[in-house]
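One structure is given here, and the rest of the page talks about it.
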Amino acid sequence: MSTPFEEIVAEIRELYLSDSIPWIIGYSGGKDSTASLQLVWSAVASLPQEKRVKPIHVISTDTLVENPVIAAWVHLSLQRINISAQQQGLNITAHKLTPSLENRFWVNLIGKGYPAPRPKFRWCTDRLKISASTTFIQELSENNGEAILVLGQRRGESQARDKVMDQYKSSTRARLSKNKDPRLSRVWVYPPIESWTSDDVWEYLITQPNPWGIDNQELFAIYRGATPDAECPIVVDTSTPSCGDSRFGCYVCTMVTQDKSMQAMIQNDEQKQWMQPILDFRNKHLAIEDRSLRDFRRMNGRLTVFHGELVHGPYTQDHRKLLLTQLLETQKLVQKADEAQGSNLIELILIEELEEIRRLWVEEKGEIEDFVPSIYAGVFGIPYPGKDLEQSPLDAHDLKLLEDVASEVDPDASSELYKLTRSLLATQFQTIESHKRSKHLDRLEEVLHHYAFRNEGEALQFALASQKGEAGGANDADTNGLVA
């Protein structure tokens with residue numbers, strides 16, 4: 001049975017006054033986190049001024065690849081929260097968190113070449129969402145001894161969420177449960193709306209005014225626009241779909257077959273049709289079978305055999321170049337449509353991310369062609385605005401000559417021979433520039449091992465033979481360095 005909101009507000013007041021432990025409210029801008037924050041806000045605002053002492057931190061993680069409509073809504077909400085809290089004399093502070101540069105989506109996908117996330121390689125969630133919020137919560141709890149984390153989780157949302165909430169039931173305080181993450185052992189979890197249904201949440205949001213100045217009807221409209229039929233029906237039984245079933249997330253997400261919410265937004269609202277190029281990019285370049293677009297070696301150069309085939313690793317250089325080009329083309333189209341509506345807010349990839357991709361390509365992958373500036377200039381027709389890199393001794397003409405020589409020496413494996421020679425030269429140049437010769441020979445050996453095969457067929461034969469040798473008791477050091 002759902003708990004009336006008046007009882008929840010009274011419970012929150014009691015918990016808030018019971019100790020001096022700071023609170024953290026996870027806020028995504030969605031209905032559940034909005035309801036949870038609104039309940040806490042109402043409870044604290046009803047206290048006398050002298051009792052509103054304990055700090056409340058509202059944290060929202062922007063992955064930088066969120067649905068742009070939701071990202072704009074959250075950004076506006078966080079601004080309103082800080083302004084209204086100050087005006088109303090509440091010790092509430094909103095924080096927008098973002099992933100560190102090395103954890104960002106485009107840096108990993110295009111820079112390092114990580115394939116688009118999939119169920120068996122879901123590298124995105126921790127890097128984009130969990131890492132930034134965990135760091136904030138960890139630092140706050142360590143500085144204060146403890147912290148209370150308020151989450152807008154509800155039972156019945158999904159079996160997975162119910163299992164998570166069951167883990168929080170071994171509470172040593174009446175309504176607080178210990179966090180199961182060992183990094184957050186001093187953080188207590190409090191889910192004020194766990195007994196509510198989706199319709200309970202909407203009833204509360206629609207009937208109770210928002211205290212920080214946003215219109216909850218607008219949030220309702222966002223959810224309604226994200227359903228295919230643009231309707232939020234009156235719920236008459238458990239078989240009737242609720243408007244609250246709309247799911248928002250990263251527009252690059254490949255953990256679902258289709259981005260139904262963005263698709264519905266575009267379908268239902270002409271003013272949101274500018275997002276069509278973003279959806280097209282996701283469907284054409286991310287939500288695809290990509291094995292043929294990936295190197296036959298793993299990221300570390302090793303070979304892994306599964307069911308008689310090599311497990312492919314990161315995206316090839318050519319595909320990473322294509323992804324960057326198409327992403328910038330998409331950004332150009334979106335920005336043009338955005339400007340037509342009198343705004344200039346949409347940036348799919350930041351310059352600092354382009355700079356990190358450039359560094360990864362040139363310094364870590366040895367791709368001294370330095371393609372990022374030319375790709376950027378080719379798309380936007382203006383010079384690349386990033387910093388100057390140390391010039392490679394080889395210019396485009398020299399590299400073209402190296403490519404031609406590789407084609408003459410070994411026409412059938414010219415690409416691998418070119419990459420081998422280029423990478424050896426890149427390693428040599430880096431050593432000269434850094435004036436550090438320690439481990440230089442080790443780095444050259446790593447390059448030789450990485451490009452030890454003329455093609456995937458040779459690599460597979462070697463890996464299969466190595467597996468048989470290992471099964472027979474062989475212990476080849478070179479094999480161990482190449483086969484995972």
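The values are calculated or read from the model by the stated rules, or taken from the named source; none is laboratory data. Computed from a predicted structure; not experimentally measured. Note that we place each Cβ from the backbone using ideal geometry, even for glycine, and neighbour counts take in every protein chain shown.
Of everything in the range 1-32 that's hydrophobic (A, V, I, L, M, F, W, C) and not in a helix (DSSP H, G or I), which residue is farthest from W212 (Cα to Cα)? Taking the candidates together, the pick is M1. Out of A94, A35, A71, report the one residue that is aliphatic (A, V, I, L, M), within 30 Å of E355 (Cα to Cα) and either in a loop (DSSP other than H, G, I, E, B) or at pLDDT 95 or above (or both). None of the other options fit; the residue is A94. Those helices (runs of 4 or more DSSP H) of the range 351-433 in which at least 2 residues are within 18 Å of D318 (Cβ to Cβ) and within 33 Å of the chain's Cα centre (by Cα), considering only elements entirely within it, cover 351-359, 371-380.
Yes/no matrix, rows are residues, columns are (1) among the charged types (D, E, K, R); (2) at negative phi; (3) at pLDDT below 90:
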{"site": "P241", "(1), (2), (3)": "no, yes, yes"}
{"site": "D245", "(1), (2), (3)": "yes, yes, yes"}
{"site": "Q276", "(1), (2), (3)": "no, yes, no"}
{"site": "R282", "(1), (2), (3)": "yes, yes, no"}
{"site": "H285", "(1), (2), (3)": "no, yes, no"}
{"site": "R294", "(1), (2), (3)": "yes, yes, no"}
{"site": "G313", "(1), (2), (3)": "no, yes, no"}
{"site": "R320", "(1), (2), (3)": "yes, yes, no"}
{"site": "L328", "(1), (2), (3)": "no, yes, no"}
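The set of residues in the range 74-91 being under 15 Å from V40 (Cβ atoms), of a type in the set (A, V, I, L, M) and part of a helix (DSSP H, G or I) consists of I81, A85.
Specify the residue that is nearest to G30 (Cα to Cα); the eligible residues are those in the range 74-107 that are hydroxyl-bearing (S, T, Y) and surrounded by 16 or more Cβ atoms within 10 Å (Cβ to Cβ). Top of the filtered list is S77.
Looking across the range 101-132, the residues that are of a type in the set (D, E, K, R) and closer than 17 Å to T254 by Cβ come down to R104, K112, R118, K120, R122, D126, R127, K129.
Here the range 111-127 is the region considered, the condition is being more than 18 Å from Q317 (Cα to Cα) and of a type in the set (K, R), and the residue that is surrounded by the most Cβ atoms within 10 Å (Cβ to Cβ) is R127. Can you work out which of the residues in the range 250-276 that are over 18 Å from the mean Cα position of the chain (by Cα), over 19 Å from E339 (Cβ atoms) and among the hydrophobic types (A, V, I, L, M, F, W, C) is surrounded by the fewest Cβ atoms within 10 Å (Cβ to Cβ)? Filtering the range 250-276 for residues that are over 18 Å from the mean Cα position of the chain (by Cα), over 19 Å from E339 (Cβ atoms) and among the hydrophobic types (A, V, I, L, M, F, W, C), the one surrounded by the fewest Cβ atoms within 10 Å (Cβ to Cβ) comes out as A264.
Consider the range 175-190 and keep the residues that are in contact with a Ser or Thr (Cβ under 9 Å, 6 or more places away or on another chain) and among the aliphatic types (A, V, I, L, M). The one that is nearest to A10 (Cα to Cα) is V189. So if I check each of L348, L323, which one is crowded, with 19+ Cβ neighbours inside 10 Å and either free of Cβ contacts under 8 Å to residues at least 60 places away in the same chain or out of contact with any strand residue (DSSP E or B) (no Cβ under 8 Å at 6 or more places or on another chain) (or both)? Selected residue: L348, the only one of L348, L323 that is crowded, with 19+ Cβ neighbours inside 10 Å and either free of Cβ contacts under 8 Å to residues at least 60 places away in the same chain or out of contact with any strand residue (DSSP E or B) (no Cβ under 8 Å at 6 or more places or on another chain) (or both). Considering (1) modelled with pLDDT of 90 or more; (2) touching a Leu at 6+ places or on another chain (Cβ under 9 Å); (3) not hydroxyl-bearing (S, T, Y), the lone condition that F429 does not fulfil carries the number (1). Scanning the range 257-309 for residues that are among the charged types (D, E, K, R) and in a loop (DSSP other than H, G, I, E, B) yields D259, D269, E289, D290, D295, R297, R298, R302.
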